[in-house]
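Student: Before anything else, here's the structure in question.
Any read-out appearing in this document is the output of simple, stated calculations on the displayed coordinates, not a laboratory observation. The structure presented is a predicted model; accordingly, all values stated were derived computationally and were not measured. Counting neighbours? That spans all protein chains shown, and the Cβs are built from the backbone with ideal geometry, glycine included.
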């Protein structure tokens, strides 16, 4: 989640601020272009806000913090957790007809499989931050969501829920993870392309 999502990025919760509900940006970034990723994390090692993907940083995904100027912030993942808290297995059972116990069992099986049964493949690759790796790790948990879901009423939300689940299980850009073309990660969100001068 730290590498591929905005889960650790801080969201401005000051209702009186023009930036309320937006990701906090590094105040020293100025008019920084989007590809420089000027968003902020709250680093658990130094216990202070740092620019995302700072070397050696370890961001909190949960918690509440205050920036030096007093602005209240929370990591995006904390807000997601709060948003989905009421959607329990019992809630889903009423809609789907699948027993809550079955939903919990399947969720536990998926989580344990993704966490404990990883496979390592001797495939060197370079991630979207330019770091080289000797091997790629696969998760034996697979998803498939193509035209059928995308074309269905509310299909966007179904696919978004699957993307969140893949993120939680750590299957993004990994064999079995459905997304992209492992082992070649893309920047999340896609980095903006630099503008080039037009030819006359």
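Student: When the chain is fully extended, how far beyond the present Cα-Cα distance does residue 113 get from residue 83, taking 0.36 nm per residue of separation?
Tutor: Gain on extension, residue 113 to residue 83, equals 8.2 nm.
Student: Here is a further query. Where the centroid of each part is defined by its Cα atoms, how far is region 119-160 from region 78-105 in Å?
Tutor: 24
Student: Note the full-extension length gain between residue 28 and residue 121 as 0.36 nm times their separation in residues minus their Cα-Cα distance, in nm to one decimal.
Tutor: Contour length minus Cα-Cα distance gives 29.4 nm.
Student: Find how much the distance from residue 95 to residue 145 grows on full extension, using 0.36 nm per residue of separation minus their present alpha carbon separation; answer in nm with one decimal.
Tutor: Between residue 95 and residue 145, full extension yields an extra 15.9 nm.
Student: Right, something else. Within 10 Å, count the other beta carbons around each residue, average over each peptide in 71-84, 43-56, and list them highest first.
Tutor: The most tightly packed comes first, giving 71-84, 43-56.
Student: Spin-label point model (7 Å from Cα, Cβ direction): what's the residue 134 to residue 54 distance in nm?
Tutor: A separation of 3.0 nm, rounded to one decimal place.
Student: On to the next question. Does region 38-139 come out rounded, prolate or oblate by the C-alpha gyration tensor, with a ≥ b ≥ c the root eigenvalues, rounded set by a/c under 1.5 and, if not, prolate when a/b is larger than b/c and oblate if not? Walk me through the numbers before you get to the answer.
Tutor: Details: a/c = 3.27, a/b = 1.18, b/c = 2.77.
Oblate, because a/c is 1.5 or more while a/b does not exceed b/c.
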